[in-house]
Every structure is written in structure tokens, then in C-alpha cells.
Amino acid sequence: MTLSIQNIEKMLHAKRFGDNNGIIDTISIDSRSLQNNQKTLFFALVGSNNDAHIYISDLIKKGVQNFVVTHIPEGLANKAVFLVVENTLDALQKFAAHHRSLFKFPVFGLTGSNGKTIVKEWLNFLLNPDFNIIRSPKSYNSQVGVPLSVISINDKHNLGIFEAGISKMDEMEKLENIIRPTIGIITNIGTAHDEGFEDLEKKIKEKLKLFKHSKLIIYQKNKIIDALIKSKIKSFSWSFNDETADVFISKKEIQDKTTLQVRYGKENFDVQIPFQDEASVENAATCLMVLLSFKYDKKTIQNRMQWLYPVEMRLKVKNGINKTTLIDDSYSCDFQSLKIALDFLESQKQYKNKTLILSDIFQSGLSNEELYTKVAQLLKNNKVNRVIGIGETISAFKNKFTNCTTFKTTADFFLNFNYLNFVNETILIKGARHFQFEEIVSALEEKTHETILEINLNSISHNLSFFKSKLKPTTKMMVMVKAFGYGSGGFEICKLLEHHKVDYLGVAFADEGISLKNAGIVLPIMVLNPETTSFSSIIQYKLEPEIYSLKGLNAFLKIAEKRKLKHFPIHIKLDTGMHRLGFEEENLDELIAILKDNKFVTVKSVLSHMATSDDLVHQEFAHSQITLFEKLSSKLMSELQIKPIRHILNTSGISNFPQAQYDMVRLGIGLYGVSNDAEEQKYLENVGTLKSIISQIRSIQAGESVGYGRRFVANKPSKIATIPIGYADGISRHWGNALGFVTINNQKATIIGSVCMDMLMVDITEINCKEGDTVIIFGESPSVTFMAHQLQTIPYEILTSISQRVKRVFYRE
Ligand SMILES: *Cc1c(COP(=O)(O)O)cnc(C)c1O
């Protein structure tokens, strides 16, 4: 794609300000991307709480010259070319629809409640020997993701596969206009009555809008869909139980595989797939239908389908050996997803040096010469320090890259593993499936046991936006990341908060702040509880102490004077009723006398903390705290003639006392997806999922017991599973003895007997599961809030109790 800015101006019906005869060859909506350059057109999207216009001045400094905006930010007129439109998302969609209209090859549109991404990846795998395929990267299926996917079509492609996801009525028409699928596929439609839709029929009706201009629809036979499909569209249906479907399939499980017995017209044949779970079998049936509709012979179908594989779409961050961070994207390798992974690498780099381990890339639609030239340019733009290429083709193009080592096979790589000397770097591991890069991840990964705490970075962004939307536009945001980010992780979360331009971070102790600064966090950090012994490191690392007593103030001033500090930022804590830390009313005059005309420090903020913001029973007390805060802080301000940032609200304060936002709020538990208000909880997304596996399964007879003290005795023949997580990992001993449960394959398994130090046992008599299956200790269900309630504690304690021996794995969808 190369377009002049004038052409785009016409296409978008935009009003142009500025001129540079510019040529555009990339579209961006991500201000962090190092791929942004002179030829980028940046669409400043405006979400309900996030407005990308704030990034424009930074982008201009980085060389970006062309922007689609709703207004020109102050002071930037004449600094770049601006295309002003009413709505930047509409403009992006219009741009994509125009781009799509230039191509005339078959395009699949996928919709459904579950399985879209897996079916898309599998179709790509099954059809790629015969087509140059363009498909949505990852799960790019939203109002923003779809246009970005479609914009990547080029004239070498001859087949498209795009997913469309909707969450409310009236979104599908827009996506239809962009994807314009010629063939429709409906994956599992779900029976759930989703939010945003009145009933199942309305939901299906909305989804079918994607196929307004399609010639064929492939779906699992279903009366509602049958009735809704317009007669002029051809339908091609399959079923496990309705023999009137075009293709009738019976399934038979053998060992760990499933045989699909297919009856299609007069033909009868078997297809084997390496899965047994219901979802995978359904998704495979959908793929089978596509192959049939493309008239593949049964031999080819049998041959290709036996190699279907589990799809992992998430980018995961893991701790590696020798001070490395790994970004694991070891299951796919194409140009689009490489771009996304490189952006993620930049946003998560804990160590400055960036290394990429990359396999051959397939199905780009380009010649190898063109492709690897483009890849090399991409890596250069992204400032990748070293490249390790694995595969015959990438080896042949080695000289296009700087600082590049190549190996023909993954086995060759392992022969040289020790010479590659991985240390102090952030490593992106990106390979096509058959290169088996999961083995490289496993070799580089710090050894973990099977229990992990997975942290969803998308949900953190969502929750942050939710609370931001409750604030006045001028209210600043401090995010509390004490206790290792409420147990959820320090650096990775702070890096994300930095991107979202929060104003401050808060930690409890100096060493927490020091490790964040060492890792490269540049946001200002307030230390809630600075010990006198830590003052000199606080100064050295430019942390900002909360000062809560005359003794502390005098001690700090002594050091400040000795070091000849000038206006070093400090924060004054007032006690307004919590009675934990802080100056009281009677100390105020002395405090003012000491601070008056003091040049060594500057009062950056004045704060207090509420004791009852979460419980409206104590509303009156809360108001008395706010009133006292107003009085004391006003006195400080007028007598010292200063204008510090004032703040008193924590998470539940933000929700319950919006009138007391002052200049800043301090968000804590809400960021991590927990609210003490059931209504508000619905709007938050779960962040942490504590996962383990089944180590062993056994059967016991009635009368036999399980665990220490024989606290569980079976009253009937039972099946018991042992899970390797215990109270040493932070699971309360009280959670056992039938109070608590875990989730296995979407079913509740009661914890029986007492929780042991490193293990617990659950009853799986009624549950279909096997050794090695995933076990959810908490997450969506049971939720941390539910656990806390049952255990008569608060979610804070549960989250922060998870021991550091449980590895944290961060991911972005
Ligand atoms: C922990 C803490 C917060 C955040 O509280 P949440 O209830 O988690 O939002 C705010 N202010 C201070 C002083 C804190 O110690």
C-alpha cells in the first residue's frame, strides 16, 4: 500500500491542515510502536477513557508527520499534517473498507461465540499449501482489530480469513462493510444469554448480518439459523445428531484421538483428529466442512486433518535464565504477528538488549527476497540487537540482517546453545509450529513448578480505564503497586501503567521502589512508609518519601541539608481519623514552622487515608475525615503559600466519595479487578488466575480416608485428584475440608481433607478429567472475592498471600 495524503483526505472526506507531499505506507494506532515513521499515518482513536491525541506531540518528536484527528491538539498546528474528521474510528474503518474493495478473491468471514480464532488458525494451516492467505493476526476481531487486519491485504494474496467479534447490537454491519466476506462461517454459537443481546435469536440475527453479501454459509445445523438464512444464500450445514444436515458426522473416541465418521451425499469416510474435547471436535468439524466445500478429496482431508494442533494465541512473558525475560510466541510465525510481537517486546523489555529468535516465515504472499528484506527493515526499525534465525530459508538470507546467527534446524541451535550466551537481555521467541520452539522456551525458562499465577495485562488496562472514567479530566491518578503489585507482579504492571500515562506510583517500602527504578521505570514513585535508614537510598534513587511525623521530617531534612538538596519532593501525610500514620492537627503549627522557607524540600503533595470508604454504614465518619482533610490541608496551603497535589481517595473512595477527588486519587485493589461493590464488580475484569495441574488420580472405597488426620472419609466409592499447591503457596489451610473448591474442566471439585503444605486433594468422582489437566485455584471461578468471603477475610489478603515461589506469567491477548 502506498497512497498520497491527498488521496486519503478525499477518501475520508477529511479537512486537511498542512502539506508535505507525503506518501503513506503504514497505518498505526499504537503510539508505542517503534514501527511508526515518516510514512506512517497515525489514527488518534478516542475511547471512552483513552484519547490518543495526547500521544501526538511525542510522535511528532519521533518523526511521525501525518495524523487523522478529531481536532488539532493545542500548540501543534503547522507541526505536522492533520486530517480532521468527526470520528477517527469511523475514518479508520472507512479506510479499511476502501482498501478491501480493491481485491477480488474469496474471503472467509468467521463469527460465533467461541472457536473463531482456532478455526481461523486451523483453516490457515489446512489451506496454506494451496493459497497465499491473509488472515487476522491473533484475535484481531473488534471494531479496531478488523480494519487493522484488512489493511494488510496485498496483491500477492489470493484468500482471506477474517474473524468478526461483536459485543453489542449494531456492530456487525460495520464489520461486514470492512470484511465483505464471500463465504460465511458460523463457529460455536453458544447458548449463553450474553450481555448486550436480548436473546439467542437476536444474537444470531445480528451475527448473520456479517453475511449480507456472502454466497455461501457454513454452520452447524440449528433451527434458528435455518429460519434466518435468506433463500438466495447457499447453506452448507453439518450435524452430530440431525440427519437432514448436508454432512452428518458421528464421532468415536479411540485412545487420545477422535474419529469423525463422515457421511456426505453418497460418500462415507473416516477422518481422524488428535483431540477429544467437545470444543476442538466441533471446530475440526467446521474446518472439515470448508475443505469439503473447496472440493478437496478425502485423502487430502484425512491427511491434513490428522495434524491439527492446539492453538496458543497469547503472548506470554516469562522469567528466563541468567537475567533474561522471555516473550513466548512460539506457535506461529507470519509477518503480521511478528509486527505485533515486536511491539509487545518493546513494551515489556526489562533488559535493554533485545534478541529475536525467529524461524522461517511462511505464507507472506511475497517472494523470499522481498519478504526477508522487509523483515530486516522491520527489525532495524525496532532496534533489535541480535537475531538468531532458524530454518533453511532464513539461513539463506542471513546477510540481510545485522548481528545475525543462523541455524538450519532447531536441533543445530541446541548443539550451539552454550555458545549463544543468553544473558541480560529480553528475548522474543517466534517460530512456526513445526520448528518446535516450545523446546527453546523450555530451555531458556527459569525452572518453575506446575503452579503459576497468570496475569492478564488487557484486563489491567480495562480496569484502569474503568476507574479513569469516574474521574474528572483533570484529576490525576496514582496507582498503588505495593506488595509486589498486590501480589500480581511489579515491573510488568508498572511498565503498562507508564504507557497509560498514570501520574504516580505508590509503594510501601523503599526497596520496592528501588527495584522498579532499577528495572527502568521512570514514573515518579511515592514511598508510603520510608524508614529513616532508607532515606539515603531514597535520595539516590529519586524516590519520593511520604513524611508522616516531625521526627521523620527532621531526620530527612538533616540528610537533605548535608547533601545540599534543592526542592527535593516530599509528601505530607495527615491523620484525619485512620490513626495509623500522619500529622495530627496539633502538630500542624510546628510542621508549618519547619517547612516555611525551607529550600531543601518541596511539598509535592498532601494526603490522608480513609478508614471507612468501603462501608457506607460509616458514611458520616468518612465525611468527617474529608472535612478535616479540607481544613488541615487548606491551612498548610495558605500558611506555606503552596499549591500541592491533594489526595485522599482509595479505590472504594473513588466510587463512593467522588466529590472528594481533589487533585489526585490512589487506585489500588480496583486495578487488580476487585471491588467491594457487587454492582461495580460486574464492570471489572478478572486479572489473576492461579493455575495448577492434576498430579495424580486414584480411586478409594467407601470408608477410606484422605490426608492428614483422616479429616475426609469417603461414604461411597470415590475418585480423588492430588494438586501440587498448598499453604506454602499461600492457600489458606482453612480453604480445605469441603469449604473450598477448585475448577477442573469447567466443573467444581470440592477440596477434601486439610490443605497440606505443598498439595491439596479434591473430589473428582463426578468430573471428567485426567492426570495433567489444568486446575483453576482462583480466577473467574472461584473468584478471589468469593474465597475471601468464605474464609472471612478480604481479597487483599488472598492476593498478597500468594507466595513468590509461584511464578507469575503475564500475557496479552
Ligand atoms: C493501599 C493504599 C491505597 C489503595 O487502597 P485500595 O483500597 O487498594 O484502593 C491507597 N492509599 C494508601 C495510603 C494505601 O496504603
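The values are calculated or read from the model by the stated rules, or taken from the named source; none is laboratory data. Predicted model only: the values in this text are computed from it and were never measured. No Cβ is skipped: glycine too gets one built from the backbone with ideal geometry, and neighbour counts run over all protein chains shown. Side chains are part of the model used for accessible areas, which takes the heavy atoms of the whole protein and leaves out ligands, DNA and RNA. Shrake-Rupley method; radii C 1.70, N 1.55, O 1.52, S 1.80 Å.
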**Request:** Could you list, in sequence order, all residues of the range 647-686 that are among the β-branched types (Val, Ile, Thr) and under 17 Å from MET477 (Cβ atoms)?
**Result:** ILE648, THR651, ILE654, VAL665, ILE669
**Message:** Would you confirm, using the coordinates I've provided, whether GLY490 is within 16 Å of the ligand (Cβ to nearest atom), in the same structural domain as ILE654 (by TED's automatic domain parsing), within 22 Å of the chain's Cα centre (by Cα) and small (Gly, Ala, Ser)?
**Reply:** yes
**Request:** Would you please list the contacts, defined by Cβ atoms under 6 Å and residues six or more apart or on different chains, that run from a residue in the range 344-362 that is more than 14 Å from ILE429 (Cβ to Cβ) to a residue that is hydroxyl-bearing (Ser, Thr, Tyr) and surrounded by fewer than 19 Cβ atoms within 10 Å (Cβ to Cβ)?
**Result:** ASP360/THR393
**Request:** Can you give me the ranges of the strands (runs of 3 or more DSSP E) entirely in the range 449-557 with at least 1 residues that are open to solvent by 40 Å² or more (accessible area, probe 1.4 Å) and in contact with a helix residue (DSSP H, G or I) (Cβ under 8 Å, 6 or more places away or on another chain)?
**Result:** none
**Message:** Checking the structure you have, find out if any residue of the range 646-665 is over 18 Å from LEU471 (Cβ atoms), without any contact (Cβ under 8 Å) to a residue 60 or more places away in the chain, aliphatic (A, V, I, L, M) and in contact with a Phe, Trp or Tyr (Cβ under 8 Å, 6 or more places away or on another chain).
**Reply:** no
**Asked** For the range 282-295, which residues satisfy the criterion of being touching a Leu at 6+ places or on another chain (Cβ under 9 Å) and crowded, with 18+ Cβ neighbours inside 10 Å?
**Response** ASN283, ALA284, ALA285, THR286, CYS287, LEU288, VAL290, LEU291
**Asked** What is the residue count in the range 618-631 for residues that are touching a helix residue (DSSP H, G or I) at 6+ places or on another chain (Cβ under 6 Å) and either surrounded by fewer than 15 Cβ atoms within 10 Å (Cβ to Cβ) or not β-branched (Val, Ile, Thr) (or both)?
**Response** 0
**Message:** Any residue in the range 73-96 that is open to solvent by less than 30 Å² (accessible area, probe 1.4 Å) sitting within a Cβ distance under 9 Å of a residue that is among the hydroxyl-bearing types (Ser, Thr, Tyr)? List the pairs, counting only those 6 or more apart or interchain.
**Reply:** PRO73/SER57; LEU76/SER57; VAL85/THR70; THR88/THR70; ALA96/SER149
**Request:** Give the residues of the range 490-523 that are in contact (Cβ under 8 Å) with a residue 60 or more places away in the chain and closer than 22 Å to ALA560 by Cβ, sorted by residue number.
**Result:** TYR504, GLY506
**Request:** Could you pull out every one of the strands (runs of 3 or more DSSP E) wholly within the range 213-269 that has 1 or more residues that are in contact (Cβ under 8 Å) with a residue 24 or more places away in the chain, over 20 Å from PRO181 (Cα atoms) and open to solvent by 50 Å² or more (accessible area, probe 1.4 Å)?
**Result:** 247-254, 257-264
**Message:** Among the residues of the range 140-148, are any over 30 Å from LEU12 (Cβ atoms) and free of Cβ contacts under 8 Å to residues at least 40 places away in the same chain?
**Reply:** no
**Item:** Elements of type strands (runs of 3 or more DSSP E) in the range 696-765, at least 3 residues being assigned by TED's automatic domain parsing to the domain that holds ILE794 and open to solvent by 20 Å² or more (accessible area, probe 1.4 Å)
**Value:** 696-700, 747-752
**Request:** Look at ILE189 and say whether it is within 24 Å of ALA284 (Cα to Cα), in a loop (DSSP other than H, G, I, E, B) and in contact with a Ser or Thr (Cβ under 8 Å, 6 or more places away or on another chain).
**Result:** yes
**Request:** Please work out which one of (1) in the same structural domain as ASP19 (by TED's automatic domain parsing); (2) modelled with pLDDT under 95 is the condition PHE125 fails and give its number.
**Result:** (1)
**Request:** Identify, from the list ASN686, ASN676, the residue that is part of a loop (DSSP other than H, G, I, E, B), within 16 Å of the ligand (Cβ to nearest atom) and either of a type outside the set (Gly, Ala, Ser) or under 23 Å from GLY489 (Cβ atoms) (or both).
**Result:** ASN676
**Count - residues of the range 339-390 that are open to solvent by 50 Å² or more (accessible area, probe 1.4 Å), closer than 29 Å to LEU123 by Cβ and in contact with an Asp or Glu (Cβ under 8 Å, 6 or more places away or on another chain)** = 1
**Message:** With the structure loaded, tell me whether LYS174 is over 20 Å from VAL119 (Cα atoms) and modelled with pLDDT of 90 or more or whether it fails that test.
**Reply:** yes
**Verdict on THR793 being within 16 Å of the ligand (Cβ to nearest atom), touching a helix residue (DSSP H, G or I) at 6+ places or on another chain (Cβ under 9 Å) and assigned to a loop (DSSP other than H, G, I, E, B)** = yes
**Message:** Name the single residue that is surrounded by the most Cβ atoms within 10 Å (Cβ to Cβ) among those in the range 53-72 being among the aliphatic types (A, V, I, L, M) and farther than 17 Å from ASN37 by Cβ.
**Reply:** VAL69
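This table checks each residue for (1) modelled with pLDDT of 95 or more; (2) of a type in the set (Ser, Thr, Tyr).
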site	(1), (2)
LEU415	no, no
PHE422	no, no
HIS434	no, no
ALA443	no, no
LYS447	no, no
ASN463	yes, no
SER469	no, yes
**Message:** For the range 596-614: of the residues being among the charged types (D, E, K, R) and in contact (Cβ under 8 Å) with a residue 12 or more places away in the chain, which is nearest to PRO795 (Cα to Cα)?
**Reply:** ASP614
**Matching option when the condition is within 15 Å of the ligand (Cβ to nearest atom) and either open to solvent by 10 Å² or more (accessible area, probe 1.4 Å) or assigned by TED's automatic domain parsing to the domain that holds CYS494 (or both), among SER652, SER634** = SER652
**Request:** Filter the range 597-628 for residues that are more than 15 Å from the ligand (Cβ to nearest atom) and polar (S, T, N, Q) and give the result.
**Result:** ASN598, THR602, GLN619, SER624, THR627
**Prompt:** Of all residues in the range 655-685, which are open to solvent by less than 50 Å² (accessible area, probe 1.4 Å), charged (D, E, K, R) and modelled with pLDDT of 95 or more?
**Reply:** ARG666
**Request:** Among the residues of the range 497-515, count how many are away from the ligand (no atom under 16 Å from the Cβ) and within 21 Å of the chain's Cα centre (by Cα).
**Result:** 4
**Asked** What pairs can you find where one residue is in the range 394-408 and assigned to a helix (DSSP H, G or I), the other is open to solvent by 90 Å² or more (accessible area, probe 1.4 Å), and their Cβ atoms are less than 7 Å apart, with a gap of 6+ or different chains?
**Response** SER395/LYS408
**Request:** For PHE786, indicate whether it is within 25 Å of the chain's Cα centre (by Cα), away from the ligand (no atom under 16 Å from the Cβ) and at pLDDT below 95.
**Result:** no
